[in-house]
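The values are calculated or read from the model by the stated rules, or taken from the named source; none is laboratory data. What you see is a predicted model, and the numbers here were worked out from it, not measured in a lab. Cβ placement follows ideal geometry from the backbone for every residue including glycine, while neighbour counts extend to all protein chains displayed.
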Amino acid sequence: MLKFVLTKIGMAALVALTVSFISFILLFMAGDPAIAIAGEGASGEVIAAIRSQYGFDRPLLVQYVDWLMRALSGDFGMSYYFKAPVSGMIAERLPVTMTIGFLGMSFALLLAIPMGVLAAAFPNTLIDRLALGIAVVGQAIPSFWFGLILIVVFSVNLGWVPASGTRQWTGYVLPMIVLGYYATPAIMRLTRAGMLEVLSADYIRTARAKGIKPRRVLFKHALRNAIIPVVSLAAVQLGFMFGGSVVVETIFALHGAGYLAWESISRNDLPTMQALILIFAMFYIAFTFLADVLNAWLDPRLRTV
Amino acid sequence: MSNTSLTISPGLPAASPAPSRVLARKALRHRGFMVGFLILLFVGLTALFAPLIAPYDPYKQDLLARLAPPVFLGGDWKHLLGTDALGRDYLSRLIYGARVSLLIGFTAALISAVIGTTLGVLGGYFGGKVDAVVMFIVSVRLALPATLVALAVVALFGGSLTVVVSVLGLLLWDRFAVVLRSATMQVRQMDYIAAAEVLGASLPRILFKDVLPNVMNQLIVIVTLEMAHAIILEAALSFLGLGVQPPTPSWGLMISEGKEMLLFESWLITIPGIALFILVFSINMLGDGIRDVTAPEGRN
Amino acid sequence: MTHTATPVLSIRNLTIDLPKGGDRPHAVSNLSLDIHEKEILCIVGESGSGKSITSFAAMGLLPKILKPSAGEILFEGRDVLKLSEAEHADLRGSRMGMIFQEPMSALNPCYTVGNQIEEVFEAHAQMSKAERRARTLALLKEVRLPDPERLYHAYPHQLSGGQRQRIVIAIALAMEPRLLIADEPTTALDVTTQAQILDMFKALKESRKAGILFVTHDFDVVAELADRVLVMQKGLVVEQGTAEQVLNNPSHPYTRMLIDAVPKRHGVKGNPDMSTPIALRVAGIEKTYSTARTMFKPARKVHAVKPTDFTVLEGQTLGIVGESGSGKTTLVRCLMGLVEPDEGSVWIGSSRLETTTAAGRRDFRKHIQIVFQDPYGALNPRRKIGDLLIEGAVNFGVPRSQAMEKARALLKIVRLEEDALDRYPAQFSGGQRQRISIARALMVEPKILIADEAVSALDVSVQKDVLKLLDDIRKAVGLTVIFITHDLRVAAEISDHILVMSKGEVVEYGTVDDVFGNPQHSYTRQLLAAMPGRGWEAPDMAAPGPADAAR
């Protein structure tokens, strides 16, 4: 088990390193950061001065290593636009993003897994159709539009929840639903498909031949096997939710890391963009790593490398 | 002996019709497939013949006729779906918007299909070190937050149609790679691959004649899924102001422009939103239909 | 045999409907049978005969689309067809137990062996945890598994197929059932493992007070075990009687056909002609696999094939026999150039085959061709038969139209209609597909044909056809055949010489009669002893049966 965990950690670290390099290069290649800092129309001398002050005249690789070393110690530099340390801004904004992310995922899991299991246990019944309907609509509905519609209905017309901000806890309700519903279809369909496949497996027949009651067959023997791919998917989805929080946070004017990303992108604020892309990638890597460990606990066959 | 102990005999195989006929018959009988196909056909034809169908020039502003409501909200028949804040005919913009969505969705899906299929098939066929490299590339891609990277690239390079299509195409290939890798792995183990090798077939011949045709079903299903995905993502980028730039009629942009009037003229966002929903819905139905129709016997 | 006691299981006029659109309306029609205490009843039949469906119906495990429409299944005096699902579940695992065909997938991969056995006690008995554990360990010992304490904590994937099947048997036996149903329980196992499991069934018949319903396709297994036999064909019982009656004096033509198709256990070809030239010589072929080096474990070498030498004479058939893991598959892959042997060489006539370069491998494939085991996996489902057949010839430079002509001619030789060219593999049965595979291999006019378990996936009657076809073609075109099989009987039926492999090594080589009559190596003797039905020699069906005589 230790060996398994160590190998996974090594792999995750390698992916993280590559991602950091890509996010650094990608944005660096895009334009001259000195101009971005100095602003349009600055004189040549000013730009040259900025270039040497920030070290932009050094070889790219040197700059990358320098940036990475600082990043590892938690220093992502100063924001060009906000003129404040990037790390501090992100630390301040992350809790909002994490809250709606975990709330959204909980919403998705609580809706999708029971519905998926029921749909598989009673195929072609009303509950199966309902689950399919929820999934099909969820897949086709664009989240930003869904968010706006929810605002129109529940904030503007009914006045139940605030349309924006997080001063009250109710401000989290709509973002949670929008993010959660985004992840629901895939999880529900995978749960249903996995359960259907597992339910036709030989070992389910063995369990039934043992005289185990249907409910126990479903929950002890089938669900544990069917949930394994769902765990992986949920981790990936949670990672996507963090990365995609920019959309939801913009609609509901939540001042989270996603909103910060949108601000920094629209203002060409390179250090903030780089830091956010790296941090969201790290979240993704951490989630999938945890999912691997959880799955190894669920299925002994996965414990070998 | 058959491998499953409970075989329900499926009729005499020698009398069964050709696979293509069976497929066509199954497709015609599949409700979801037909619904998706017909809607997509309708949207596609509308987009294709937009200049003939659209009642107005989608760019033509008429400041005297700003924010005219659609017919069903008490507007007149001059502007069926009303006009936007600049007095442009909403129906015309909607029709031209279908062009943008379909063009971006299809092209982006095609680009990512080529990238993802190449990676997936190579990884799945060769296994070992090649596969490890492919899986690593896929992990890196998945770790990069797609929406953010797309926004950043569009912000840096400008929001032309080409940039948006390229960015989406270069970002959405992961599912192709993952699915085709595992599909290819299964095919690779089949004896017909060994048989082709033994019969002197070259590697490209095996890949194109034996591997690709047998993973084609999965490939087509993913093309539909990713096309839908690209359309939604384009709309989201445009909505955030970092996708297709005004005055191009994109549905995401229309929703974004309508957002200002959210409280008073909510139809401005409802109409393009429903259009987007229906298009994505039809593509997904088509994809699900293809998966059902091409699924091997006895599985659902 | 007379029974005064009431039978454990009594099926009366059972009919089970097939869903509409099948090739027949009933999976099983009007079936009646009785099983008594301490008795083994074998149901024999080919695939699709309804034999498994009958056993599943008694257990209440039929898939939902199959509905019993008439008759009754009386178990301990109650009609189980009238029981609710919960009532039936109470009987399953306690009063009736079942053993399945595929031991590899019959156990839940996520739970330990101990957990999965104890679950039976949890479901059907009031027992303390310690008592459940003690009973479980006793069961593991009873099914002759080594080191029960360790196995108790093992997961299924850590065990072999034979071990897993014993655990399934332990689960079935846990509550001392009155009825034990076994559905092809040894079909997926090696012959030596099969022999051990069959022995266990014989012992169980004596030690437990249960009736055993044993479903199989193999008449040798029937001969080994059965007290009484029931033969099924397409859902109908065609013959029922004592083992002695059915095996030695079958009356129904279908039974006679099946028994006639059972491979004989002695050479049928007489002594081979030793004067023909050598067609193929294998000199010192060797293959080791190394497990990949990981961060923590050094690379390890596994000898799949130890240095191997043998020859095959022109126009003859060499049978290579071995159980799973014997190295026979790796040997084939080396011969086909699908894997590169570490050492050694292959000679065809007097020329050495070049396996190190792609061009060399291509070249020798004109000389050696292969027919694979699985008729469903060996033909690309997306290509028409014509396209499949000409693949080899076209790759070796024959013009398309000429290749098509040849394909037509070959279809005739393998006894298929010419219109097969425009059809897809899905439109053919397993036996037909195997004949297409043979035709495909012959398209490049090889000198040597390797048949890799080519008939193992087929029903006995079809098996016989394909074997005969192969032998006819060998004679007609002077082909040399290497026949790989796990089944000694099949090897005996078709081979001139037999080569026995075990653990990557050739342990025995000789003529069929030598190997069967005077085996030299202990492994061969063990293999021969493990063959089921040794006390029974299939009667000669050329002599008229009682039914024919009466006519």
Quiz prompt | Leading residue by the ranking (farthest from C:H217 (Cα to Cα)) among those in the range C:18-64 that are within 13 Å of chain B (Cβ to nearest Cβ) and charged (D, E, K, R) | solution = C:K20
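Being aromatic (F, W, Y) and within 31 Å of the chain's Cα centre (by Cα) is true for just one of C:F372, C:F364. Which residue is that? Talk me through it step by step, then tell me what you get.
On the way: C:F364 fails: within 31 Å of the chain's Cα centre (by Cα).
One residue alone meets the criteria, C:F372.
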Practice problem: Please go through the range C:82-97 and pick out each residue that is within 14 Å of A:I204 (Cα to Cα) and under 29 Å from the mean Cα position of the chain (by Cα). | Solution: C:R92, C:G93
Quiz item: Any idea which of (1) in contact (Cβ under 8 Å) with a residue 12 or more places away in the chain; (2) on the phi < 0 side of the Ramachandran plot is the one B:F264 doesn't satisfy?
Solution: (1)
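Can you tell me how many residues in the range B:186-204 are assigned to a helix (DSSP H, G or I) and either of a type in the set (S, T, N, Q) or more than 7 Å from chain C (Cβ to nearest Cβ) (or both)? Before the answer, list the steps.
To start, the set of residues in the range B:186-204 that are assigned to a helix (DSSP H, G or I) comprises B:186-188, B:191-198, B:203-204.
Among the residues that remain, those that are also either of a type in the set (S, T, N, Q) or more than 7 Å from chain C (Cβ to nearest Cβ) (or both) are: B:186-188, B:193, B:203-204.
Total satisfying the criteria: 6.
If I filter the range C:116-131 down to residues being outside any helix (DSSP H, G or I) and without any contact (Cβ under 8 Å) to a residue 12 or more places away in the chain, which single residue comes out as farthest from the other protein chains (Cβ to nearest Cβ)?
C:S128
Please go through the range C:120-142 and pick out each residue that is closer than 25 Å to C:A58 by Cβ and surrounded by fewer than 24 Cβ atoms within 10 Å (Cβ to Cβ). Step through it out loud before you land on a result.
Keep residues of the range C:120-142 that are closer than 25 Å to C:A58 by Cβ, which gives C:120-125, C:139, C:142.
Result: C:F121, C:E122, C:A123, C:H124, C:A125, C:L139, C:E142.
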Exercise. Kindly check whether there is at least one residue in the range C:65-78 that is at pLDDT below 90, surrounded by fewer than 22 Cβ atoms within 10 Å (Cβ to Cβ), under 30 Å from C:S32 (Cβ atoms) and within 13 Å of chain A (Cβ to nearest Cβ).
Key: yes
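On the basis of being touching a Phe, Trp or Tyr at 6+ places or on another chain (Cβ under 6 Å) and at pLDDT below 90, does A:V156 make the cut?
No; evaluated as a whole, the condition is false for this residue.
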Quiz item: Any chance the range C:179-186 includes a residue that's without any contact (Cβ under 8 Å) to a residue 60 or more places away in the chain and among the acidic types (D, E)?
Solution: no
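So that you can scan it fast, the table gives a plain yes or no per residue for (1) assigned to a loop (DSSP other than H, G, I, E, B); (2) over 18 Å from B:L233 (Cα atoms):
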site: A:F144; (1), (2): no, no
site: A:L150; (1), (2): no, yes
site: A:F154; (1), (2): no, yes
site: A:S164; (1), (2): yes, yes
Quiz item: Residue check, C:D452 against (1) more than 22 Å from C:L280 (Cα to Cα); (2) under 19 Å from the mean Cα position of the chain (by Cα); (3) not hydroxyl-bearing (S, T, Y), all met but one. Which one?
Solution: (1)
Self-check item: Breaking point among (1) part of a loop (DSSP other than H, G, I, E, B); (2) within 14 Å of chain C (Cβ to nearest Cβ); (3) of a type in the set (F, W, Y), for B:F264
Solution: (2)
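Could you check how many residues of the range C:82-109 are in contact with a Pro (Cβ under 6 Å, 6 or more places away or on another chain) and in a loop (DSSP other than H, G, I, E, B)?
Of the residues in the range C:82-109, 3 are in contact with a Pro (Cβ under 6 Å, 6 or more places away or on another chain) and in a loop (DSSP other than H, G, I, E, B).
Mind telling me which of the residues A:E197, A:E249 ends up being modelled with pLDDT of 90 or more, within 24 Å of A:Y181 (Cα to Cα) and within 12 Å of chain B (Cβ to nearest Cβ)? I'd like the intermediate steps shown before the answer.
Numbers: A:E197 fails: within 24 Å of A:Y181 (Cα to Cα).
On inspection, the qualifying residue turns out to be A:E249.
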Quiz item: Of the numbered conditions (1) farther than 24 Å from C:R362 by Cα; (2) more than 9 Å from chain C (Cβ to nearest Cβ), B:M216 satisfies every one except a single condition; which is it?
Solution: (2)
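Report the residue count in the range B:80-95 for those that are part of a helix (DSSP H, G or I) and either touching an Asp or Glu at 6+ places or on another chain (Cβ under 9 Å) or buried (at least 24 other Cβ atoms within 10 Å of the Cβ) (or both). Please lay out each step first, then the result.
Here is the first cut: in the range B:80-95, the ones part of a helix (DSSP H, G or I) are B:90-95.
Within this subset, residues satisfying the condition of being either touching an Asp or Glu at 6+ places or on another chain (Cβ under 9 Å) or buried (at least 24 other Cβ atoms within 10 Å of the Cβ) (or both) are B:90, B:92-93, B:95.
Adding up the residues that qualify gives 4.
Say we look at the range A:194-203 and pick out the residues that are surrounded by fewer than 21 Cβ atoms within 10 Å (Cβ to Cβ) and free of Cβ contacts under 8 Å to residues at least 40 places away in the same chain; which of these is farthest from C:D90 (Cα to Cα)? First the steps, then the outcome.
As a first pass, look at the range A:194-203 and keep what is surrounded by fewer than 21 Cβ atoms within 10 Å (Cβ to Cβ): A:196-197, A:199-202.
Of the ones still in play, those that are also free of Cβ contacts under 8 Å to residues at least 40 places away in the same chain are A:197, A:200-202.
Values: A:E197: 25, A:S200: 21, A:A201: 21, A:D202: 20 Å.
Step by step, filter the range A:194-203, then rank; the result is A:E197.
Quick grid of which residues meet (1) in contact (Cβ under 8 Å) with a residue 12 or more places away in the chain; (2) within 17 Å of the chain's Cα centre (by Cα); (3) surrounded by 18 or more Cβ atoms within 10 Å (Cβ to Cβ):
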| site | (1), (2), (3) |
| --- | --- |
| B:L212 | yes, no, no |
| B:A230 | yes, yes, yes |
| B:A235 | yes, yes, yes |
| B:S250 | yes, yes, yes |
| B:M254 | yes, no, yes |
| B:F281 | yes, yes, yes |
| B:L286 | yes, yes, yes |
| B:V293 | yes, no, yes |
Quiz item: Of (1) farther than 30 Å from C:P156 by Cβ; (2) within 11 Å of another protein chain (Cβ to nearest Cβ); (3) under 16 Å from the mean Cα position of the chain (by Cα), A:I265 satisfies all except one. Which?
Solution: (3)
Quiz item: From the list A:T184, A:T206, which residue is crowded, with 21+ Cβ neighbours inside 10 Å and either within 14 Å of chain C (Cβ to nearest Cβ) or among the aliphatic types (A, V, I, L, M) (or both)?
Solution: A:T206
Practice problem: Tell me, yes or no, whether the range A:234-241 has at least one residue that is away from every other protein chain (no Cβ under 11 Å), surrounded by fewer than 22 Cβ atoms within 10 Å (Cβ to Cβ) and more than 15 Å from A:F280 (Cα to Cα). | Solution: no
Exercise. Would you check which residues across the range B:37-66 are under 18 Å from B:I269 (Cα atoms) and either of a type in the set (K, R) or surrounded by fewer than 17 Cβ atoms within 10 Å (Cβ to Cβ) (or both) and list them?
Key: B:R66
Practice problem: Go through the residues of the range C:371-379 one by one and say whether even a single one is under 24 Å from C:L258 (Cβ atoms), within 10 Å of chain B (Cβ to nearest Cβ), polar (S, T, N, Q) and assigned to a helix (DSSP H, G or I). | Solution: no
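Would you pick out the residues in the range A:215-226 that are surrounded by fewer than 24 Cβ atoms within 10 Å (Cβ to Cβ) and facing another protein chain (nearest Cβ under 7 Å)? Steps first, answer last, please.
Pass one, the range A:215-226, residues surrounded by fewer than 24 Cβ atoms within 10 Å (Cβ to Cβ): A:215-220, A:223-225.
Answer for the range A:215-226, where residues must be surrounded by fewer than 24 Cβ atoms within 10 Å (Cβ to Cβ) and facing another protein chain (nearest Cβ under 7 Å): A:R224, A:N225.
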Quiz item: Looking at (1) more than 9 Å from chain A (Cβ to nearest Cβ); (2) under 17 Å from A:A201 (Cα atoms), which is the only condition C:F100 fails?
Solution: (1)
Quiz item: Considering only the range B:153-169, how many residues are within 11 Å of chain A (Cβ to nearest Cβ), surrounded by fewer than 17 Cβ atoms within 10 Å (Cβ to Cβ) and in a helix (DSSP H, G or I)?
Solution: 1
